[in-house]
Each structure stands twice: as structure tokens, then as C-alpha cells.
Amino acid sequence: MRCSTHKIIAVIFVAFSANAFSANVYSANEQTDKEPISLCAKIDTGAITDVLDGSKVKYSKDYSYLLFTSDVNGTNYTDGDDRLAVDGHVYILNDSVLQLKTLTVASMKNGKPNDEVIYLSKGNKTAGGLFYNNAPSGNDGNENIVYIGVAGDVYHLTISTAKDKECLSHFPKKILDGLSAE
């Protein structure tokens, strides 16, 4: 599921929304190998049991936390193309932390994202349903993100703003240290 990487001058859009993702600029002294955090959200665990069961992960809490990252080096977009693809990861926290790869595909209209689909994968196989955002460039855009399970059930995510560290505080420091919150 890895898209080929094209050299681009700037990352136009990474995924979910222009407000949720931003291109990170690093000085020579900063670590550039850290994936930027794009979104942290809370979801009813019942919504993602298809993902958790498929990964044979134990879970007992009513809510799970999702931490999405994006790989700016894994971005595939060409000016004039009607599609943007971005690689990344999602960390799903319940009793333990499950890490999966993500592929975000956004349809583009006039150089701006029109809607987005995020696929989860483990071992080059799709895991569970998918995430969908039908208005990524609205006011905030994040209130429209839903998870569509394999049975077709739709669940809305509770999105934390970039300033709200409550969601991030649930994840182990070891994971957060490997990511960039800038």
C-alpha cells in the first residue's frame, strides 16, 4: 500500500484538514525523522472492534484513543492531479497500544482537498473499516470525520483541538517522544 514518493517543493496538504495538518519546517539541529502528529481523537471502542479483533489485541475500556501521524516524505501529489496520497501511522490506545500503517487518499478540487479516506493496514493487508472526512477544508473540518466499520456502521470521532493536550496525555511518553507535535 506504499505510494511512490515524488519530490515536491512543499506539502500542500497532508490529511484530514489544513488545520489538523501542517507542513513542518525544521532547522538543521532538529530531528527530521519524527513523524508529525496530525490528529488525536477519542472513539467508542465498539466502533473499532473490527480493527482490534482483526489484530488480536485485548481491550476492555469503553473508549479508545486514536493518534494519527503523517509522513511528509510519503506524500504523493503532482500539481494538476485530482488526488493526494499520504502515508502515515495510527496508534490505537486501549489496554495497550496498537500501531498500524495508514494511507490517506484525498480527492482534490482546485488544489484543495475535497474529501478524504483513510485506510488502515497491517502486514500489507487492510485492517478493519476506514475513516472518512467529507469536508476537510471547512471551518475546522474535523467535526465531520467518521469511522465506517466493515459492516457499514458509522461512528463519529470526538476530535481534540491542537491546543488540547488531554488526548495526547493518554499515550505513553515513549511513543510521543518519537513524534513531532509541532
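Bear in mind that the values in this text are calculations on the coordinates, not laboratory data. Owing to the predicted nature of the structure, the values given are computational and were not obtained by experimental measurement. Counting neighbours? That spans all protein chains shown, and the Cβs are built from the backbone with ideal geometry, glycine included.
Remarks
- Mean Cβ count within 10 Å, highest first, over the residues of peptides 56-67, 33-44, 102-113: 33-44, 102-113, 56-67
- Amide H to amide H, with H built 1.01 Å from N, Lys122 comes under 5 Å of Ala127, counting only residues 5 or more places away or on other chains.
- Projected label distance in nm at Ala151 and Lys61, using a 7 Å step from Cα toward the beta-carbon: 2.4 nm
- Multiplying each eigenvalue of the alpha-carbon gyration tensor of the range 38-182 by 5 and taking the square root yields semi-axes of 24, 17, 16 Å, largest first, rounded to whole angstroms.
- Beyond 24 Å in Cα-Cα separation lie the following of the pairs Lys42/Lys165; Lys34/Lys56; Lys125/Lys174; Lys122/Lys165: Lys34/Lys56; Lys125/Lys174; Lys122/Lys165.
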